[in-house]
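K.L.:
Have a look at this one.
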Amino acid sequence: MSTRRSDTRPPATGPDEKEVLVGFLDYLRTAVAAKAEGVPEPEARTPGVPSGTNLLGLVKHLTYVERCWLLGEEVTDWEATFRPVPDDTVETVLAAYRETTAAANKAIASWDDLTEPGD
């Protein structure tokens, strides 16, 4: 019997652009987090591609992407965002990702015009 989870379908579009934006972002965020949940530490740190990128580093990088593009935080070393530090765990990286995405959703909700740059 397979224990693989299947991905959910993309959300239906909503009545306004903000709802559609957050709906698709949350859909993608949930899919990314689901890939990392429950993965043992050695496997989460094992590179999956020749560049050396691993699952933990990918989620950490996406956290910084959201912080930069949606929350206006400066990132000075993008390469470093792909590398988990020894104290990072799947749980702490996922918690930081979820905290950041919640803050990003709150920021999006406060925006009056989606054609304007974020913070």
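The values are calculated or read from the model by the stated rules, or taken from the named source; none is laboratory data. What you are looking at is a predicted structure, and each value in this text was computed from that prediction instead of being measured. Every residue, glycine among them, receives a Cβ derived from its backbone with ideal geometry; neighbour counts consider all protein chains shown. Accessible surface is based on the protein model in full, side chains and every heavy atom, while ligands, DNA and RNA are left aside. Shrake-Rupley method; radii C 1.70, N 1.55, O 1.52, S 1.80 Å.
K.L.:
Any idea which of (1) surrounded by 11 or more Cβ atoms within 10 Å (Cβ to Cβ); (2) modelled with pLDDT of 95 or more is the one Glu74 doesn't satisfy?
P.N.:
For Glu74, the exception is condition (1).
K.L.:
Just a yes or no: is a residue in segment 41-53 over 17 Å from Ile108 (Cα atoms), in contact with a Pro (Cβ under 7 Å, 6 or more places away or on another chain) and not acidic (Asp, Glu)?
P.N.:
yes
K.L.:
Between Arg83, Arg67, which is surrounded by 15 or more Cβ atoms within 10 Å (Cβ to Cβ) and farther than 30 Å from Leu114 by Cβ?
P.N.:
Sole residue among the options that is surrounded by 15 or more Cβ atoms within 10 Å (Cβ to Cβ) and farther than 30 Å from Leu114 by Cβ: Arg83.
K.L.:
Being part of a loop (DSSP other than H, G, I, E, B) and either modelled with pLDDT under 95 or farther than 20 Å from Arg29 by Cβ (or both) is the filter here; which residues of segment 46-69 pass it?
P.N.:
Of everything in segment 46-69, those that are part of a loop (DSSP other than H, G, I, E, B) and either modelled with pLDDT under 95 or farther than 20 Å from Arg29 by Cβ (or both) turn out to be Thr46, Pro47, Gly48, Val49, Pro50, Ser51, Gly52, Thr53.
K.L.:
Quickly run through segment 35-46 and pick out the residues that are touching a helix residue (DSSP H, G or I) at 6+ places or on another chain (Cβ under 9 Å) and open to solvent by 80 Å² or more (accessible area, probe 1.4 Å).
P.N.:
Scanning segment 35-46 gives Lys35, Glu43.
K.L.:
Determine if segment 55-64 includes at least one residue that is touching a His at 6+ places or on another chain (Cβ under 9 Å) and either of a type in the set (Ser, Thr, Tyr) or closer than 25 Å to Trp111 by Cα (or both).
P.N.:
Scanning segment 55-64 turns up no residue that is touching a His at 6+ places or on another chain (Cβ under 9 Å) and either of a type in the set (Ser, Thr, Tyr) or closer than 25 Å to Trp111 by Cα (or both).
K.L.:
In segment 5-29, which residues are open to solvent by 70 Å² or more (accessible area, probe 1.4 Å) and among the aromatic types (Phe, Trp, Tyr)?
P.N.:
Within segment 5-29, Phe24 is the sole residue that qualifies.
K.L.:
OK, next. Applying the selection to segment 83-102, what residues are within 12 Å of the chain's Cα centre (by Cα) and free of Cβ contacts under 8 Å to residues at least 60 places away in the same chain?
P.N.:
Scanning segment 83-102 gives Val93, Ala95, Ala96, Glu99, Thr100, Ala102.
K.L.:
Evaluate the following for Val32: is it under 11 Å from Leu94 (Cα atoms) and open to solvent by less than 50 Å² (accessible area, probe 1.4 Å)?
P.N.:
yes
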